[in-house]
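To keep things clear, I will list the structure first and then write my remarks on it.
The values are calculated or read from the model by the stated rules, or taken from the named source; none is laboratory data. Small disclaimer: the values here were computed from a predicted structure and weren't measured. Here Cβ is always computed from backbone atoms with ideal geometry, including for glycine, and neighbour counts include all displayed protein chains.
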Amino acid sequence: MSQPAAVMAQKTIVIGLGNPILADDGVGIVTVERIAQQVEHPLVDFQWCSLAGFELLDLLVGYDKAIIVDSIKTGKYPVGQVMELEADSLMSTVRLASVHDINLATALELGRMLALPVPAEITIYVVEVADNTTFREGCCREVAAAVPLLEKAVINLLTERYEDLSVKGGVAHHA
Amino acid sequence: MKKISIDPITRLEGHGKIDIFLNDQGDVANAYLQVPELRGFEKFCEGRPAEELPRIVPRICGVCPVSHHLASTKAVDGVWQVEPTPTAKKLRELMLSAHIVHSHTAHFYALAAPDFVVGPDAKPEERNILGVVAKVGLEAGKEVIKNRGYAQSIQAILGGKATHQVNGLPGGVSKGLTEEERKEIEEKAISIVEFAKFSLKLFEDIVLKNKAYVDLILGDVYKINTYFMGMVDEQNRATFYDGKVRVVDPEGKEYAKFAPADYLDYVAEQVEPWTYLKFPYLKKMGWSGMKEGVGGGIYRVGPLARLNVSDGMATPLAQEAYEKFFATLGGKPVQATLAYHWARLIELIYNAERLLELARDEEITGPDIRRIPDKTPSEGVGIVEAPRGTLIHHYRTDEQGLVQKVNLIVSTGHNNSAMNMSVKRAAQGLIKKGKVNQGLLNMVEMAFRAYDPCLACATHSLPGQMPLEIRIFDEEGQLCHSLRQ
């Protein structure tokens, strides 16, 4: 069954955030790099970077939907636990904090205020990490084990949105 | 899958902290700032080919990648004892100017303007860039986004990527500039100069024409007396990419002027047990704690420092603004911490003008972009002025060019003592008889925010910013207030 043209034309960006040389912090980047090797679609773009605030806004402009994969360190959840952030979490962080640049929610709100075409829907997957302050390549065992779960979550979401999503090179289907 | 909510008061580990200790009258006895530090960078670099470091160090954090890339590239020039070609130096400086424009724009509109345009005691939900745009208008907001984006795209043209640049090589750069690219940069630089003029005028109209704000800037609450450090050219004008490092004392007299390679004769670092971040100080004076004034050895870096150590600016509009700055604030050196914001805008205009000058330089599209190193690698120091201040990279290698030793002193490190002293001074001036509220604590934070401290990795961990926690302890050391932003 084909999808309505308006839905089909919607563009999605999948962004992996983090620092690949800062231990577990690189999990978002590793995940999205792997997803980009597995699936493709003309309306889906993949990016991985160590960005925040204004730079993230630059990436998001022009897309209808966004999927972000990042690490989080709350100390409240088991290391390696994969979670989805509720939409209200994003908005509750609209505030002035004390480091350089603005946060994601503020960046999005600014984009809307200035009539920039920012995504109407953003899904954020996070994984609880143990160490994001030590320079080291590679994640700890628990966080590395979360990567397939994150991949599955993102690919399932993309499959729901784009039924003609192409799977490259016979990689196992996640659904 | 589990769905979670992150609310503003959720504790996130690895955040910055300001601890304020009250005495039995409820006044501030002491205050300490703690910022987390990344660990293990030296070990991470050991054994790697030194020429890889310029591509690795931009990953230290996503906030000032160009500064790290260029300090590192200059350090590897030193390791191979090779002088880059004139065109290569200009291309590197062009990229640094674009980076300063980009960073200073973000800081002013996202972090400084909310306190002045919206108001220092406004509600936190309004005291942000959205509140600024609501006040200055949507068209101005669009100019902020447009020109910040222009600066970002110039960095991408020159560095290969908008962040995590890859063009620096010992002896030069890997990519030259085509005439088409030069024209694009020139057009963008023209727009950036106009935007910088607008930003400076905005500051003058909103802040300098408001006596209450000028009094706030010049008041004792936001003043400490320190030395200042920054890079100058041969005529002692402020410069960012190349020059000598000049230090002036708290009265404005030149204390030292040295070549980057000699920095260890002038700077040493103190380790304190309560924080990971070291405390650099002027070595010849020795460490005597966080002591103000002549002989104290505590110095500051960054926009205010660069103006204080220089005898002028090398571009006309910046020079005009420089003269007005010192005439308004009572001559050199200016010790008012909040003057960092005005200084930052003067640097915005300098770098905008410098962008345009370099884009129109006949050599900038020259083909001679690299001198091939032919010496045995050994040791090198690279210093540039990053947006937040002097940035030092120092590498030592074996004869194969494999890294044996790395030392970095970053801008936020240089300012560590001064930030602590500024926070303590502000807390002592603002918190009396135990009376604390959100507005007062924001005003304490303003003393810290003026330095535009870079807290590295946390800037890209969700929820997007590293929270800062302020804790107030009573005379018995019991926690009595805690606020997180």
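Taking the stretch B:418-452 as the range and being over 18 Å from B:Phe21 (Cβ atoms), crowded, with 23+ Cβ neighbours inside 10 Å and out of contact with any His (no Cβ under 8 Å at 6 or more places or on another chain) as the test, the residues that pass are B:Ala418, B:Asn442, B:Met446, B:Arg449, B:Tyr451.
Results for (1) within 11 Å of chain A (Cβ to nearest Cβ); (2) at pLDDT below 85, shown as yes or no for each residue.
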| residue | (1), (2) |
| --- | --- |
| B:Arg11 | yes, yes |
| B:His15 | yes, yes |
| B:Ile20 | no, no |
| B:Asp27 | no, no |
| B:Leu33 | yes, yes |
| B:Phe41 | yes, yes |
| B:Cys45 | yes, no |
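Being within 22 Å of B:Ile369 (Cα to Cα) and without any contact (Cβ under 8 Å) to a residue 40 or more places away in the chain is true for just one of B:Gly172, B:Gly160, B:Gly137, B:Gly149. Which residue is that?
Working: B:Gly172 fails: without any contact (Cβ under 8 Å) to a residue 40 or more places away in the chain; B:Gly137 fails: within 22 Å of B:Ile369 (Cα to Cα); B:Gly149 fails: within 22 Å of B:Ile369 (Cα to Cα).
Exactly one residue qualifies, and that residue is B:Gly160.
Here is a yes/no grid of residues against (1) of a type in the set (D, E, K, R); (2) within 24 Å of the chain's Cα centre (by Cα); (3) outside any helix (DSSP H, G or I):
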{"site": "B:Phe108", "(1), (2), (3)": "no, yes, no"}
{"site": "B:Ala112", "(1), (2), (3)": "no, yes, no"}
{"site": "B:Pro120", "(1), (2), (3)": "no, yes, yes"}
{"site": "B:Glu126", "(1), (2), (3)": "yes, no, yes"}
{"site": "B:Ala140", "(1), (2), (3)": "no, no, no"}
{"site": "B:Lys146", "(1), (2), (3)": "yes, yes, no"}
{"site": "B:Gly149", "(1), (2), (3)": "no, yes, no"}
{"site": "B:Gln152", "(1), (2), (3)": "no, yes, no"}
{"site": "B:Val166", "(1), (2), (3)": "no, yes, yes"}
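Which residue out of B:Lys253, B:Lys284, B:Lys211, B:Lys278 is surrounded by fewer than 19 Cβ atoms within 10 Å (Cβ to Cβ), under 19 Å from the mean Cα position of the chain (by Cα) and over 18 Å from B:Leu348 (Cβ atoms)?
Values: B:Lys253 fails: under 19 Å from the mean Cα position of the chain (by Cα); B:Lys284 fails: under 19 Å from the mean Cα position of the chain (by Cα); B:Lys211 fails: under 19 Å from the mean Cα position of the chain (by Cα).
One residue alone meets the criteria, B:Lys278.
When restricted to residues that are free of Cβ contacts under 8 Å to residues at least 60 places away in the same chain, within 26 Å of B:Gly78 (Cβ to Cβ) and assigned to a loop (DSSP other than H, G, I, E, B), the stretch B:256-278 contains 2. Scanning the stretch B:169-208 for residues that are over 24 Å from the mean Cα position of the chain (by Cα) and of a type in the set (Lys, Arg) gives B:Lys175, B:Arg182, B:Lys183.
Residues of the stretch A:23-48 that are on the phi > 0 side of the Ramachandran plot and in a strand (DSSP E or B): none at all.
For the stretch A:129-146, which residues satisfy the criterion of being surrounded by 23 or more Cβ atoms within 10 Å (Cβ to Cβ) and either assigned to a loop (DSSP other than H, G, I, E, B) or at pLDDT below 90 (or both)?
Here is the first cut: in the stretch A:129-146, the residues surrounded by 23 or more Cβ atoms within 10 Å (Cβ to Cβ) are A:129, A:132, A:139, A:143, A:146.
Result: A:Val129, A:Asn132, A:Cys139.
It is to be established whether one or more residues within the stretch A:62-84 are assigned to a helix (DSSP H, G or I) and more than 8 Å from chain B (Cβ to nearest Cβ). Lay out the reasoning, then the answer.
Pass one, the stretch A:62-84, residues assigned to a helix (DSSP H, G or I): none.
There is no residue in the stretch A:62-84 that is assigned to a helix (DSSP H, G or I) and more than 8 Å from chain B (Cβ to nearest Cβ).
Annotation note: Cβ proximity below 8 Å between a residue of the stretch A:124-139 that is more than 8 Å from chain B (Cβ to nearest Cβ) and a residue that is in a strand (DSSP E or B) and of a type in the set (Gly, Ala, Ser) (sequence gap 6+ or interchain) occurs for A:Val127/A:Ser71; A:Glu128/A:Ser71; A:Val129/A:Ser71.
Here is a yes/no grid of residues against (1) farther than 30 Å from B:Val132 by Cα; (2) touching a helix residue (DSSP H, G or I) at 6+ places or on another chain (Cβ under 7 Å); (3) of a type in the set (Lys, Arg); (4) modelled with pLDDT under 90:
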residue: A:Val82; (1), (2), (3), (4): yes, yes, no, no
residue: A:Ala87; (1), (2), (3), (4): no, no, no, yes
residue: A:Leu96; (1), (2), (3), (4): no, yes, no, yes
residue: A:Tyr125; (1), (2), (3), (4): yes, yes, no, no
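Among the conditions (1) crowded, with 23+ Cβ neighbours inside 10 Å; (2) without any contact (Cβ under 8 Å) to a residue 40 or more places away in the chain; (3) not basic (Lys, Arg), the only one that B:Gly230 does not satisfy is (2).
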